[in-house]
Amino acid sequence: METTTEIRSEGVPIPKSGADRHVKTFGTEIWNFLISLKLAIWTLILLAVTSILGTVVEQNQPLEKYQQVYEDWAYNLIVRFNLFDMYHSWWFLFLLCLFALNLTCCTVDRFPRAVRAVRRPKLILDEATEKSIGLAERWKNKGTVPQLAKSYKNALSRSFAAPRITETEGTVHLYAEKGVVSRFGAYATHVGILIIFIGAILGNLFGFKSHMNIPDGAQGSHIDIRGGKEHVDLPFAVRNNRFWMETYPNGQPKEYSSDLSVIENGREVVRKTITVNDPLVYKGIWFYQSSYGQATATAQLSVIRPDGTPLGSFSLPANEPARIEGYGVIRGVAYEENFQGKGPALKVAVEKGGRSATEFWIPKGGFDLDRRRGDSAVISFGGLTSSMYTGLQVAKDPGVNVVWLGCLLLTAGMMVSFFGSHRRIWIRLSEAQKGKVEITAAGTTNRNRPAFEKAFAAVLIEIRKESPDKTKEIAA
Amino acid sequence: MNTLNVHLFDLTTFLFGTATGSYVAALYGRKESLARIGTWICIAAAVVSTAAIGVRWAESYRMGIGRVPVTNLYESLVFFAWSINLFYLIVERKYGNRSFGAFVVPIAFLAMAFAFTIESGIQPLVPALQSYWLHAHVITCFAGYAAFAISAGVAAMYLLKERRGGDKTPGGVLAMFPGTRVLDDLVYKSIAWGFPLLTAGIITGAAWANFAWGTYWSWDPKETWSLIVWLVYAAFLHARVTRGWHGKRAAVLSIAGFAATLFCYLGVNLVLSGLHSYGG
């Protein structure tokens, strides 16, 4: 993480202090504040500390609940600062914006300079650089500068990386570097975070989250979003063919599953059994197994004329009317599991031709049980069937892939910046006395110095193996 | 009914307790030989706990449940202690100094001692936990937590040494500590390992949540606390390269980060409620 500080002092023109101090406008002051590490540290700490509040105050409950639980002053604070939904409150969003702004400004400020520093590295080992580098060694060797430069170049290529060669007034500079990419890890991490923010915003603007309950055999395409304030009609329907659950031998739930079909233009286009960790995705909309329950019961009824002519059979949901031609309107109004100690029975209300409804009980069984009423139709109650419904979480999030892209960049950047290091080695060869060359080798790294020291020593050994005799051989 | 794996974990707890005793006694009595015993006990604990994890894994298959043992509070504590011990042994070897032991091994011991008091049976997984993401999520998170534990232990050493004048006043127990620069560097290096692991843990958790619940982030208390931990260590990483913030303040942030980690790990389950409730 020393990258940031080092980049500032390296190959970057430091702002001329004298003249600039007078023109240091309000604008530059704000800019310096926005790119400062101090702002970064304080925003991070503030975000961390304030985030605690939302874990202590239960979020998104009805306001009356807070009024009951908290003292008046605390309740007022909660309302004033949106603490019941603090992660979407104006002040928390403000902090997040400040954080994003800090990241953006830092990147804008430093990234171009980092690119420049990498594109135009310091190829020459001058006095100032030599002094600033702790890791340096000097020695003399027989031979001429061009000869040694050539053999050192080969040795450096073998043991470290191919060097670039610069000549100035009889002095030759070799410069080799490795792991430049680690200089960009922090930027990748920061941009990754910004991309995650963009993905989250996209999801909030163009996505939705909702819930739908579909009874066995039924289908649904209409969902309420944002707490029922808005509605979405899906361009297709989802049919729940069946919901079921499995349990372990000890009775603990093992899996919840729904056999779902996607119906589009009257045809089944996809069929999939979803489980808790395996949703159905169709046209960017995800259906998750999230709950289940008992659907409304339906009563099985058959109606005939007293002479046996059938008038129809019905599945009658509770309290829903069914019209029977030539008889009237039937409604199931009550059910008892053990009516007068004789087993299940259904209470129906029959309306005939505008007269007020008559209500009576029909025990479960054949037609004979209803004949004694002496009506123009005989009804038999075949029992109550109750089915399950599956509870589906429905979500559309066009930003989610953007979020994953951001996560990828964030992780990659982190790996590179924590485990990579930019290592640089300079070798300067200059003429000393007759037939001798003075050599200075220096190395620096932005991270993990102990490991680099070992590598540097190994490179030096490799280079110093190049004896003058051997040099001649290579030269010849 | 305790099975073999639990007996092996109990033995591990005992070993960590003994190792802690050895390391602390070595510091008080200035006896390197005691610390060396501590090292050997830690190596033994590593072997026993690794075997215990393997046995537990095998036992879960024999019970027809079959899964990596990283799925409940007991198993996570055990894995946490296992990782701390492993990281510690690496650090001890790399730095050739055994004084860390008195500050790091007790954390592993306390984790195991806590595990000793809670339900240790192998339970089948509820539907929400049946995901491959679970393993990646738990392993990365707890390996990260273990790295943070080491960082906090070393940060405590740094602060102790710093308060008594740093490297200038040799003598006493503090002379057995490595130099403040080495300590500061190790505080950072542990976090440099823990932070990417925690990040991976949060991301795998988000990916899993997206598959199970239809949202990658829902500000559930556990999620929020993991973010808090992440933010504190992010602050640490930036503090370290800022003038006036490195050294002491960075060490304090490392300890604050570990405190947040512990709350995220245990406090949320014990004090707050949320989607992660089956973890406790």
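Is there a quick way to get the dipole size of the protein assembly as shown? I mean about its Cα centre, with the Cβ of Lys and Arg at +1 and of Asp and Glu at -1; what is the value in debye to the nearest 20? Kindly include the intermediate steps, with their values, before the conclusion.
Working: 77 positive and 58 negative charges, 663 e Å.
In debye, rounded to 20, the protein assembly as shown gives about 3180.
Given that compact globular proteins tend to follow 2.2 N^0.38 Å, what is the ratio of the alpha-carbon Rg of the stretch A:332-476 to that value?
Here the Cα radius of gyration is 3.24 times the empirical estimate.
Ranked by accessible surface with a 1.4 Å probe, highest first, in what order do B:Ile37, B:Ile53, A:Ile52, A:Ile439 come?
Numbers: B:Ile37 90, B:Ile53 35, A:Ile52 55, A:Ile439 0 Å².
Most to least solvent-accessible, the answer reads B:Ile37, A:Ile52, B:Ile53, A:Ile439.
Obtain the radius of gyration and the Kirkwood radius of the stretch B:1-142 from its C-alpha atoms and give Rg over Rh.
Details: Rg = 16.1 Å, Rh = 15.7 Å.
Radius of gyration over Kirkwood radius for the stretch B:1-142 works out to 1.03.
Can you order the peptides A:264-272, B:67-75 by their average number of other Cβ atoms within 10 Å per residue, highest first?
B:67-75, A:264-272
If you average the alpha carbon positions of the stretch A:346-366 and of the stretch A:113-151, how far apart do those two centres end up, in angstrom?
103
Take the cross-link list A:Lys131/A:Lys178; A:Lys38/A:Lys131; A:Lys150/A:Lys436 and give me the ones stretching past 25 Å between alpha-carbons.
Pairs exceeding 25 Å: A:Lys38/A:Lys131.
Taking both sides together, what accessible area is buried at the A/B interface, probe 1.4 Å, expressed in Å² and rounded to the nearest 100?
The summed interface area works out to 4200 Å².
For B:His238, B:His246, write out the residues from largest to smallest accessible area, computed with a 1.4 angstrom probe and no ligands counted. Intermediate values should be presented prior to the final figure.
Values: B:His238 35, B:His246 100 Å².
Highest to lowest solvent-accessible surface, that is B:His246, B:His238.
Based on the alpha-carbon set only, what is the convex hull volume of the stretch A:170-239 divided per residue, in Å³?
Values: hull volume 12.4 nm³, N = 70.
For the stretch A:170-239, the hull spanned by Cα atoms encloses 177 Å³ per residue.
Tell me, what % of the accessible area of chain A is carbon and sulfur with a 1.4 angstrom probe?
It is 57 percent, rounded to a whole number.
Mean residue ellipticity at 222 nm from the helices of chain A, using -39,500 (n - 2.57) per DSSP H segment of n ≥ 4 over the full residue count, to the nearest 500 deg cm²/dmol?
-12000 deg cm²/dmol
If you take the Cα Rg of the stretch B:60-161 and divide it by 2.2 N^0.38 Å, with N the number of residues, what do you get?
Output field value: 1.24.
So, in nm, how far is label A:Lys347 from label B:Glu119 when the simple model puts each one 7 Å beyond its Cα toward the Cβ?
So the two model labels end up 4.4 nm from each other.
May I ask you to derive the FRET efficiency for A:Asn338 and A:Asp278 from their Cβ-Cβ distance with R0 = 51 Å, giving the value to the nearest 0.05?
Working from the Cβ atoms, E equals 0.75.
Probe 1.4 Å, all protein chains in place: accessible area of A:Phe206 in Å², nearest 10?
130
For peptide A:242-254, how many partner chain Cβ atoms fall within 10 Å of a residue's Cβ, on average?
Partner Cβ neighbours, averaged per residue: 2.
Accessible area of A:Thr358, 1.4 Å probe, to the nearest 10 Å²?
For A:Thr358, the solvent-accessible surface is approximately 80 Å².
Do you know which residues of the stretch B:181-210 lose at least 40 square angstrom of accessible area in the protein assembly compared with their chain on its own, with a 1.4 angstrom probe?
B:Tyr188, B:Pro196, B:Ile203, B:Asn210
With a Cα-only, solvent-free Debye model of chain A, what are the log10 I(q)/I(0) values at q = 0.13 Å⁻¹?
-1.22
Taking a probe of 1.4 Å, how large is the accessible area per residue of the protein assembly as shown, in Å²?
49
Can you pull the Rg over Rh of chain B, Cα-only, Kirkwood?
0.99
Where does each of A:Val262, A:Val118 land when they are ordered by accessible area, with a 1.4 Å probe and the largest first?
So, going from the largest accessible area down, we get A:Val118, A:Val262.
Can you give the Kirkwood hydrodynamic radius for the stretch A:18-115, in Å, rounded to one decimal and based on Cα pairs?
For the stretch A:18-115, inverting the mean 1/r across all distinct Cα pairs yields 16.1 Å.
How large are Rg and Dmax for the stretch A:298-386 when only the alpha carbon atoms are used, in Å?
Reported Rg and Dmax, both Å: 12.0, 34.
Evaluate the relative contact order of chain A (contact order divided by residue number), counting alpha-carbon pairs under 8 angstrom at least 6 apart; express in whole percent.
Contact order relative to length: 21 percent.
Give me the base-10 log of I(q)/I(0) for the stretch B:95-242 at each q in 0.11, 0.15, 0.19 Å⁻¹, Debye formula, one uniform scatterer per Cα, rounded to two decimals.
-0.56, -0.90, -1.18
In the stretch B:217-257, what residues drop by 30 Å² or more of accessible area when the other protein chains are put back, versus the chain on its own? Use 1.4 Å, and skip ligands and nucleic acids.
So the qualifying set is B:Trp219, B:Thr224, B:Trp225, B:Ile228, B:Trp230, B:Leu231, B:Ala235, B:Leu237, B:His238, B:Val241, B:Thr242, B:Trp245.
Over the stretch B:92-177, what relative contact order in percent results from Cα pairs under 8 Å that are six or more residues apart?
Relative CO of the stretch B:92-177 lands at 49 percent.
Given a 1.4 Å probe, show me the residues in the stretch B:118-148 buried by at least 40 Å² of accessible surface when comparing the whole protein assembly to the chain alone.
Correct list: B:Pro124, B:Pro127, B:Gln130.
The values are calculated or read from the model by the stated rules, or taken from the named source; none is laboratory data. Quantities reported herein were computed from a predicted structural model and do not represent experimental measurements. No Cβ is skipped: glycine too gets one built from the backbone with ideal geometry, and neighbour counts run over all protein chains shown. Heavy atoms of the whole protein, side chains included, go into the accessibility calculation; ligands, DNA and RNA do not. Shrake-Rupley method; radii C 1.70, N 1.55, O 1.52, S 1.80 Å.
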